[in-house]
Amino acid sequence: MAGRLGWRVWAALGTVYLIWGSTYLGIRYAVTSAPPLLMAGARFVAAGLIMVGITSALRGMRVWRMTRAQAGTAVLSGVLLVLGGNGLVTVGEQRVPSGIAALIVAGVPLWIVLLRAALGDRPARVTVLGVGVGVAGVAALFLPGGGTGRLDVRYALLTVLASLSWAVGSLVAVRRPVPPEPLALSTVQMMAGGVVSLACSAAIGEWRGFHPAQVSGTSWLAIGYLVSFGAVVAYPAYVYLLGTAPVSLVSTYAFVNPVIAVLLGVLVAGERLAGPEILAAAVIVVAVAVVVTAEARARATVRATWHHPDGADPLVAHRPPDRARRPGLR
C-alpha cells in the first residue's frame, strides 16, 4: 500500500493527523487571554482572506461564480460549522480540557448517522451498534466521577451542542446545492462563519473594554498557529488526500485526531485523565472507528462522500456521484 500510494500521500496524512489533532490544544491556549468568539471569528476571517488569495491564484476569478442557492448553502453551512461548531467549542474550552473537548467532538459522525436516520436513511446494523456504543461513551463523561466530575457541565454541554451543529452544517452542505469548486465553498464558509461570529461576539459584549494588548504572547502564537497551520497548511493537504488517496485511508483521521488531541493535552498542557475518562475515551474512539469504517465501505459501494467541518473531525454524509468529495473546514 505504501509503495503504491507514495510518500506524498503519507506525508499529507501525517500533516492532517498532527495539525488537526493539535487544533484543540491551540484553542485552549488561545482563549486563556482572548475572548473566545472574538478569537474564533477573527481566526476564520483571517484564514478566509488568505484562502481567497490562494484560491484565486490557483483557480482564477471564475472560481467565484456560483448561483444564489449555492452561495446561500455555503453561507448557512459556514455559520453552522464556524459559529455553531468551532465557536461553541472555543467557548467550551474555557472550562473543558482540550482532550475531553476533542473526544466529545469526535462523536460528530455519530450525530450524522442519527440525523440521517431521522431523514429516512437506514444505516447498517454495525453502524447502529457503533452509534449506540459511542453515545454511551460520551454519556459516560457526564457520570459522577467521569469527565465532568472536574468540569463545568454547562461548558461541556456547549461542546456537545457544537458537535451537533457541525453535524447539521455538514448535512446542509451535502444535501443542498453548493459551489462546484471545493476551495470556493470552504472559503465562503470561513468568511461567512467568521463574520457572523464577530457580530455575535460584539452582541454579547466581548468587544467592550477589549484591547489587543490584553492578549498574551502565548495566545497570539496559538491564534497564528490556528490560522496558518490549521487552515493554510493542513487544509490543502486534506484536499490533496481527497483527490489521491482511498477514502477509507483518509477517513482514519476521524479516530486518530482525538487520540492525538488527548496525548498533546496530557504531554504539553498537563491535562490528566482519570480512570473513567480513559475508559470513556477508549469507548468513543472504538465506536467512531466502527462507524467510520462501516460508512467508508458503504461509500465505496455507492460512491458517496466525506464532508469535514472545522475543529473537529469528519462527518459521514451521502451525496450523488456528481457532487462527491466536498471538503469542509478545519
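At a glance:
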| item | result |
| --- | --- |
| Any hit, segment 44-63, residues being free of Cβ contacts under 8 Å to residues at least 24 places away in the same chain, within 21 Å of ALA184 (Cβ to Cβ) and not in a helix (DSSP H, G or I) | yes |
| ALA139 being assigned to a helix (DSSP H, G or I) and under 18 Å from LEU273 (Cα atoms) | yes |
| Near pairs, Cβ below 6 angstrom, 6+ apart or cross-chain, from segment 112-129 (farther than 24 Å from VAL285 by Cβ and modelled with pLDDT under 90) to any residue that is basic (Lys, Arg) and buried (at least 16 other Cβ atoms within 10 Å of the Cβ) | none |
| Where SER77 falls short, out of the listed (1) free of Cβ contacts under 8 Å to residues at least 60 places away in the same chain; (2) closer than 17 Å to ALA162 by Cα | (1) |
| Answer residue from segment 105-141, given it is basic (Lys, Arg) and surrounded by fewer than 16 Cβ atoms within 10 Å (Cβ to Cβ) and is nearest to VAL292 (Cα to Cα) among those | ARG125 |
| Subset tally (residues that are assigned to a helix (DSSP H, G or I), surrounded by fewer than 21 Cβ atoms within 10 Å (Cβ to Cβ) and touching a residue at least 24 places away in the same chain (Cβ under 8 Å)) for segment 13-32 | 3 |
| Any hit, segment 68-78, residues being assigned to a helix (DSSP H, G or I), closer than 22 Å to VAL233 by Cβ and of a type outside the set (Phe, Trp, Tyr) | yes |
| Flag for GLY243 being farther than 23 Å from GLY130 by Cβ, touching a Gly at 6+ places or on another chain (Cβ under 8 Å), of a type in the set (Gly, Ala, Ser) and part of a helix (DSSP H, G or I) | no |
| Qualifying position, being modelled with pLDDT of 90 or more and in a helix (DSSP H, G or I), among SER165, SER170 | SER165 |
| Residue ID - modelled with the highest pLDDT, chosen from residues in segment 142-156 that are out of contact with any Gly (no Cβ under 8 Å at 6 or more places or on another chain) and not in a loop (DSSP other than H, G, I, E, B) | ARG154 |
| Among residues of segment 180-204, those that are in contact with a Phe, Trp or Tyr (Cβ under 8 Å, 6 or more places away or on another chain) and either surrounded by fewer than 24 Cβ atoms within 10 Å (Cβ to Cβ) or over 20 Å from ALA254 (Cα atoms) (or both), counted | 7 |
| Residues being in contact with an Asp or Glu (Cβ under 6 Å, 6 or more places away or on another chain) and closer than 25 Å to VAL168 by Cα - total across segment 38-81 | 2 |
| For ALA282: the one exception among (1) under 19 Å from SER163 (Cβ atoms); (2) surrounded by 15 or more Cβ atoms within 10 Å (Cβ to Cβ) | (2) |
| Filtered residues of segment 246-259 (kept if in a helix (DSSP H, G or I) and of a type outside the set (Phe, Trp, Tyr)) | VAL247, SER248, LEU249, VAL250, ALA254, VAL256, ASN257, PRO258, VAL259 |
| Candidates GLY265, GLY275, GLY243 - the one that is more than 17 Å from the chain's Cα centre (by Cα) and at pLDDT below 80 | GLY243 |
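The values are calculated or read from the model by the stated rules, or taken from the named source; none is laboratory data. Here the structure is a predicted model, which means the values were calculated and not measured. All Cβ positions, even for glycine, are placed from backbone atoms using ideal geometry, and neighbour counts span all protein chains on display.
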